[in-house]
Amino acid sequence: MTYHEFILVVNLGSIFYMLLLVLLLFIATRFKGENAYAAAIIVFTTIPTYLYNFCRSECWYHLALWLAPFGYSANTLVMPLLWLFVCRNYNAGFKLRPIHWLHFLPALCSILFFGVYFLNQPAECRWSFIAYENQGKDSLLGIVNALVVYVQMIVYFTIIFIFLSRVRHYVLDNFSEAEWTDKRWIRKFVRLLAFLSLAVILLYLIWPRCDAWLIQILNVIAMSYLVYQSFAEIRHPQVQLESITEKDLKQDLKRASELSSDQEKLRPYAEKVQEYLQSTQAYLNPNLSLRDVVDATGISYNNLSKAINVVLKRNFFDLINSFRVERAKSLLLDYKKRNQTIDAVAQQSGFNSRFSMNNAFKKAVGMSTSKWLDSLSRECDE
């Protein structure tokens with residue numbers, strides 16, 4: 001297979017595969033909620049570029065010239081759409097507002113530049129531009145476009161990782177089932193994109209001709225993971241954060257920075273919440289939140305949060321799981337005699353799944369549920 005034939009296979013394969021992913025996403029989700037943003041990431045950031053590269057490699061210059069504005073502009077849509085996708089996943093009430101359209105300003109400027117300047121150039125100049133790129137060389141426009149995309153990556157990945165870190169802190173302080181509320185796969189997807197982006201940049205510096213086909217292959221991997229996780233959420237719906245906003249995250253950070261060292265003042269609140277959890281077994285509710293405990297105990301939100309962090313020296317997630325682990329331990333002592341499974345014990349202890357219970361055991365006792373049971377058996381044998 002020649003290099004040209006290889007590029008042709010990659011281009012056509014990527015185009016049809018991306019269209020298939022979008023079709024599957026539409027059939028399964030009808031593009032509802034965050035899935036609409038997932039579909040937008042696939043359609044607007046990949047297919048125009050792939051079509052342009054295909055027409056260019058096949059020397060279909062007339063069509064390639066018309067696709068060039070969209071092929072180049074698509075690269076500048078990746079990071080803004082990723083940011084909006086992340087925001088929508090952590091806020092069910094998220095809606096596009098006029099200010100959000102500013103994220104697409106680089107793409108708009110790119111389209112206008114190509115439309116007004118590039119397409120008004122003599123046909124010979126435009127054709128020579130396409131032919132020059134077909135030789136595997138970078139044009140000035142290509143270099144400028146790449147620089148814009150690299151700057152976007154640095155800015156948006158920084159913003160996204162900071163946001164995800166703050167969301168993680170917020171979830172641990174306010175929810176008892178972080179495994180289901182936190183949507184860990186979003187962080188994994190963002191890390192995957194960041195890693196693949198860095199890999200493309202480094203490989204491009206070593207072998208410039210690899211960037212076009214390599215980006216397509218790596219995009220196929222990333223978008224496949226995105227669609228797979230979208231399907232996974234349909235099969236196993238996660239707890240949706242209905243109204244988490246930037247204000248909520250700022251207030252959470254403010255409380256963390258203002259934690260009082262006056263433990264004696266906060267101790268009664270800590271004792272009250274522990275007594276409440278022990279007497280009512282509220283921790284058996286798998287979706288228990290800090291707001292639920294505030295409403296039940298009458299302790300203010302700030303005082304309760306501070307008492308858990310300062311006096312008990314843990315977050316809300318770890319506090320609730322400590323009660324659940326103790327409950328699970330007592331049930332596991334004779335679960336076989338009661339003809340129960342470990343999954344049943346997990347549910348009866350307030351965990352959403354065996355996986356969540358296993359993670360809680362590792363953190364609380366330093367070993368998994370199965371290893372804890374094995375150690376218990378060895379002690380009995382001795």
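The values are calculated or read from the model by the stated rules, or taken from the named source; none is laboratory data. Note that the structure is predicted; figures quoted are calculated from it, not measured. Cβ coordinates were reconstructed from backbone atoms using ideal geometry, including for glycine residues, and neighbour counts include every protein chain displayed.
Worth pointing out:
- Residue identified as touching a Lys or Arg at 6+ places or on another chain (Cβ under 8 Å), more than 24 Å from Gln347 (Cα to Cα) and at pLDDT 60 or above among Leu164, Leu203, Leu198: Leu164
- Flag for Phe351 being touching a strand residue (DSSP E or B) at 6+ places or on another chain (Cβ under 7 Å), closer than 18 Å to Asn285 by Cα and surrounded by 18 or more Cβ atoms within 10 Å (Cβ to Cβ): no
- Selection count, the range 269-294, where residues are hydroxyl-bearing (Ser, Thr, Tyr) and crowded, with 20+ Cβ neighbours inside 10 Å: 2
- Of all the numbered requirements in (1) modelled with pLDDT of 85 or more; (2) surrounded by fewer than 15 Cβ atoms within 10 Å (Cβ to Cβ), Thr297 misses one, and that requirement is (2).
- Boolean, Leu277 is closer than 28 Å to Ile162 by Cβ and at pLDDT 70 or above: no
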